[in-house]
Amino acid sequence: MENLFFQPGIAQGISFLTPEESKHCLKVLRKKQGDTITLTDGAGYFYEALITETSGQCGFAIQRKWPEQPKNYHIHLAISPTKNPDRIEWMVEKCVELGIDHITFLNCKNTERKSIKNDRIQKIVLSAMKQSFRATFPALNPLTDFYEFLRTDHAATTKFIAYVDLQNPAHLMSVAKPGQRYLVLVGPEGDFTPDELGAALDSGYKKISLGNHRLRTETAGLAACHMLNLVNT
């Protein structure tokens, strides 16, 4: 399987892999001078390059550049982090593999984890982006107050809030239309409070269901991402 290397500074003329990427390329994969590697800048482009330097960092010369296949929709998931960090990290990894574009962590009334290790999340996102051979690094927002997030302008976005409600028949798959910018709110294990739900509805969010069963927070986030991708297949 072809490996993908990451160097965000290609457009600025940087022609060396980072120390970590260089070690993986030269020591683990045993690439040599003259070998061809594939790179991404995380900004939507792939590059084919020849290895030109192997002493220390891995130097390269770009031979070819091409864009990632564009898509006509955008998925933004705003989700409360779980008490167990492993669960939300697993969800982030899988959502990136599926093709999420933007993730925001929400601090809600019932949120049990009040801090996020942003550096660790960034590494998970990078690894998943390379694993799934993507060329665009998803946008990440740190833990944000729920009401502050509602005040953010998302006017050009179709907005949903996932809420556990037996009287809520509107399934995400039935109400989401293809080719749009989507924003889905997913609450903590204790769900959104009635006040939070009301504030979201007043801000233009539509209450939706993710199915007949009650899902864990991380499962709900992954399900929403997968459903919106299916709507656009």
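Readers should treat all values here as calculations from the given coordinates under stated rules, not as data from a laboratory. The structure displayed is predicted, hence computed values, not measured ones. Virtual Cβ from ideal backbone geometry, glycine too; neighbours counted across all protein chains shown.
Values computed for the structure shown
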read-out: Gain upon complete extension [LEU50, ASN110; 0.36 nm per residue less C-alpha separation]; value: 16.4 nm
read-out: Contour minus Cα-Cα distance for TRP90 and LYS23 (0.36 nm per residue); value: 21.6 nm
read-out: Translational D in µm²/s for region 138-233 (Stokes-Einstein at 4 °C, 1.567 mPa s, Kirkwood Rh from C-alpha pairs); value: 93 µm²/s
read-out: Pair HIS154, SER15: separation of 7 Å Cα→Cβ label points (nm); value: 4.4 nm
read-out: Stretch gain in nm, segment LEU215-ARG120, where the contour uses 0.36 nm per residue and the Cα spacing is subtracted; value: 31.7 nm
read-out: Cα-Cα pairs of region 4-67 separated by more than 17 Å (percent); value: 28 percent
read-out: Under the span-like rule (Cα at least 15 Å along the axis, Kyte-Doolittle mean at least 0.5), DSSP H helices of the chain; value: 217-231
read-out: Protection proxy ranking of 222-230, 53-61, 183-191 - average other beta-carbon atoms within 10 Å, highest first; value: 183-191, 222-230, 53-61
